[in-house]
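Here's the structure, in structure tokens; my notes come after.
The values are calculated or read from the model by the stated rules, or taken from the named source; none is laboratory data. All of these numbers come straight from a predicted model, not from anything done at the bench. Note: ideal-geometry Cβ built from the backbone for every residue, glycine included; neighbour counts use all protein chains shown. Heavy atoms of the whole protein, side chains included, go into the accessibility calculation; ligands, DNA and RNA do not. Shrake-Rupley method; radii C 1.70, N 1.55, O 1.52, S 1.80 Å.
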Amino acid sequence: MPRQSLLTIAAAWACYAFLIAPSLIVIPMSFNNSSELIFPPTTFSLRLYREFVGGADWMSATRQSFLVASLTTAVSVAVGIPAAYALARADFPGRRLLGMVLLAPMLVPTIAVALGLYLYFSSLGLSGSTLALVLGHSILTVPFVMVIAMASLRHIDANLEVAAKVMGAGQMTVFRRVVLPLLAPAAVAGALFAFLISFDEVVVAWFVSGIGTATLPVKMYSAIHWEVSPVLPVVSTLLTGLSLVVCTAGAALQKKDRADG
Amino acid sequence: MADAMVRLERCAKHYGAAQALFETDLSVAAGEFVTLLGPSGSGKTTILNLIAGTVMPTAGRVHIEGRDVTGMPVEKRGLGMVFQNYALMPHMTVFENVAFPLRVRRVPEAEIRRRVGEVLDLVRLPGLAARKPRQLSGGQQQRVALARCIVYNPPLILMDEPLGALDKKLREQMQLEIRRLHAALGVTMIYVTHDQEEALTMSDRIVLLNHGRIEQAGTPDEIYFRPRTVFAAGFLGDSSMLDATVSASGAPGRVTLSDGSALAAARCDLPAGARAKAILRPENVSLLRDAGTGHDAAVEGRLIDSIVLGSVVKHHVEIAGGTVIAQELNRRDRAAVRPGDRVRVGWRAEDLLVLAAPD
Ligand SMILES: Nc1ncnc2c1ncn2[C@@H]1O[C@H](COP(=O)(O)OP(=O)(O)O)[C@@H](O)[C@H]1O
Ligand SMILES: [Mg+2]
């Protein structure tokens, strides 16, 4: 290998290490046997994990996060996949505009979305509800599902749908028997993304959640503010682990999909 | 025509300013095998799509089996269609692909199994039902596409360059297979191709298209032997075209080449003085080696080249007005001629076709 590219690779790894180090630092800290945040840890134990699992408010925030992320995933797939299909295939007036509106949350700063949602949900009396959280997160995740599905649709031969129609299949049958099976890998990838985004999201959740509906990241954020709980590295480690598992699963699925053709 | 399977009535299609099909009338009888032939962009696919219903005409009506189906959605028309890239469902097995139109029609499971089996036998593809399309060769995929199309007995099957992706040998084999299926099923087929040989081999009738218009329609013999335009003469078979001027109209007629030599034609429908093309098929032109008889014309020219194509040789001979190709059988004992030699070529007056020169 030429020297030039060796240097480039080394530089890339150095950058990568620098970026990933903060996430990794919390892992050893989470195994510390102390009620204070210390780095590097002096003793190792699972004490903080026990504290996390035993803490009723930590557990309820975890359950809430799973609930919100699951519902958000369901909503964003149910909305994003048909929307992507309509935008990619159908030709109706206002198509481009609708596409821009649906994708806009990717471009608008999250804090602006969050503030808007806060005001909006307050005026509807929904502020602080789980419904508000799910809707708020879905606005952020639908564009991701759509972008993934539209990329996949570009590789699906539109003639397949024409052929199915010629053979007598109505629009619903075409979608169900031809488009959906071919879009399934993209739908799964989109679902994983939506789940992760919702599970990690803090800005919108901070604005629209309430006392009983705080998600895990919201709870962490307030914990940093008020108590600097030693359990924080545990939660961070678990979140990182979850992301890793979900991403690996997603990558494996995509690989399998490509192998299947 | 009362028993027309398909009738296009003054159908036209344009995309914005681009005219894909000018106002066209076309009628296809039940049981006919009609080929839409023409160069790329001539409107073949447009006509097929108008019939299938995947494209709406900008003007005119489409009738199928006597019914006006102009506004009817694709899935209600009950037609069959075979695509160039086959459009097989990649996520379904061969069996499921062929069963698809039957499942859409809610045919009972036992009958589906029976009919799919039968039709896979009919296209000579047994034993592959469990494979996925991508595990099949191009020819096999083509057969699955055919099977999927005939399994629900549509009265009309549309095919858009279905053999375009196959190599020559397989293509010729599939041409015969499709003809066999056409005869066996008594179905009407409308077949699109840009390959004139394929059209001549397969069709009851050829509809020749050029720039979104029907140039000529007729049996393969009619179009081959009696092309009405220079385009038709040039598109089907080899033609030598000589620049000429009509000197006598009627039957017999006469044309004059640029060097003043006169050529007799069995008939000439153009007025005297008109600019024309004098057209000769290579198989009707002989290289005259002696004072040959049986020729109405014998013209001297210079041999440019002789091209051996296996069983035949084509001699390109330059004469006044252009190049004529004379074809002869490739025999071991044929006398050699060299490029540059002065040679004579001859033909019969009835084989000289006089058509209006295009502007
Ligand atoms: N969707 C379309 N938009 C614009 N122009 C089109 C479209 N489809 C076909 N055309 C044009 O119409 C003409 C005829 O096309 P087509 O029927 O596909 O020709 P063929 O099948 O004979 O190659 C071509 O010039 C083509 O560019
Ligand atoms: Mg075409």
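Remarks
- Taking every DSSP helix (H) stretch of at least 4 residues in chain B, weighting each as -39,500 (n - 2.57) and dividing the sum by the residue count yields a mean residue ellipticity at 222 nm of -7000 deg cm²/dmol.
- Selection from B:264, B:307, A:12 lying farthest towards where the dipole of the protein assembly as shown points positive, charges on Cβ: A:12
- Candidate residues A:107, A:102, B:156: accessible-area rank, largest first, probe 1.4 Å: A:107, A:102, B:156
- Think of the protein assembly as shown as a dipole: +1 on every Lys or Arg Cβ, -1 on every Asp or Glu Cβ, centred on the Cα centre; then among A:203, B:316, B:12, A:203 lies furthest on the positive end.
- In the protein assembly as shown, the DSSP beta bridges split such that about 80 percent are antiparallel, to the nearest 5.
- Volume of the convex hull of the stretch A:51-97 (Cα atoms only), normalised per residue: 82 Å³.
- The A-B contact accounts for approximately 1800 Å² of buried accessible area, totalled over both chains at a 1.4 Å probe radius.
- The charge dipole of the stretch A:57-260, taken about its Cα centre with unit charges on the Cβ of Lys, Arg, Asp and Glu (plus for the first two, minus for the last two), comes to roughly 540 debye.
- Restricting the calculation to alpha carbons of the stretch A:58-150 gives Rg and Dmax of 14.6, 49 angstrom.
- Counting every alpha-carbon pair across the stretch B:21-84, the share separated by more than 21 Å comes to 21%.
- Using a probe of 1.4 angstrom and keeping all protein chains present, the accessible surface of the protein assembly as shown works out to 49 square angstrom per residue.
- Each of B:247, B:99, A:175 was scored by the projection of its Cα onto the charge dipole of the protein assembly as shown, and the greatest displacement toward the positive side belongs to B:99; charges sit on the C-beta of Lys, Arg, Asp and Glu.
- Charge dipole of the stretch B:142-212 (Cα centre as origin; +1 on each Lys and Arg Cβ, -1 on each Asp and Glu Cβ, all else neutral): 240 debye, rounded to the nearest 20.
- Helix B:168-185 axis versus longest C-alpha principal axis of chain B: approximately 60°, rounded to the nearest ten.
- Taken about its Cα centre, the protein assembly as shown carries a charge dipole of roughly 880 debye when the Cβ of each Lys and Arg holds +1 and the Cβ of each Asp and Glu holds -1.
- Separation of the stretch A:1-73 and the stretch A:82-106, taken as the distance between their Cα centroids, equals 38 angstrom.
- Percent of Cα-Cα distances greater than 25 Å, calculated over the stretch A:153-261: 47
- Members of A:255/B:132; A:165/B:132; B:44/B:132; B:44/B:168; B:277/B:314; B:76/B:168 lying beyond 27 Å, as alpha-carbon distances in this model show: B:44/B:132; B:76/B:168
- Principal-axis tilt of helix A:110-124 within chain A, Cα atoms, nearest 10 degrees: 80
- Look at the alpha carbon pairs under 8 Å that are at least 6 residues apart: their mean separation over the length of chain A gives a relative contact order of 30 percent.
- Rule-of-thumb Rg ratio for the protein assembly as shown [Cα; 2.2 N^0.38 Å; N residues]: 1.44
- For chain A, the longest principal axis of the alpha carbon atoms and the long axis of helix A:216-226 meet at an angle near 30°.
- When only Cα pairs below 8 angstrom with a gap of at least 6 residues are kept, chain B shows a relative contact order of 15 percent.
- Per-residue [θ]222 nm for chain A (sum of -39500 (n - 2.57) over DSSP H runs n ≥ 4, rounded to 500): -25000 deg cm²/dmol
- The figure for residue B:256 is an accessible area of roughly 40 square angstrom, using a 1.4 Å probe on the protein chains alone.
- GNM top mover of A:176, A:47, A:63 - chain A, alpha-carbon springs below 10 Å: A:176
- Sequence-distant contacts, meaning Cα pairs under 8 Å at least 6 residues apart, place the relative contact order of the stretch B:283-359 at 42 percent.
- Taking the C-alpha atoms of chain A, convex hull volume expressed per residue in Å³: 191
- Shape summary of chain B, radius of gyration then Dmax from alpha carbon positions: 24.7, 78 Å.
- For residue B:300, the solvent-accessible surface with a 1.4 Å probe is about 110 Å², rounded to the nearest 10.
- By accessible area, using a 1.4 Å probe on protein heavy atoms only, the stretch A:57-260 has 71% of its surface on carbon and sulfur.
- Residue-count net charge about residue B:103 - beta-carbon cut-off 12 Å; Lys, Arg +1, Asp, Glu -1: +4
- For residue A:172, the accessible area of its heavy atoms, probed at 1.4 Å with every protein chain present, is near 130 square angstrom.
- The accessible-area ordering, largest first, of the residues B:100, A:207, A:39 stands as A:39, A:207, B:100, per a 1.4 angstrom probe.
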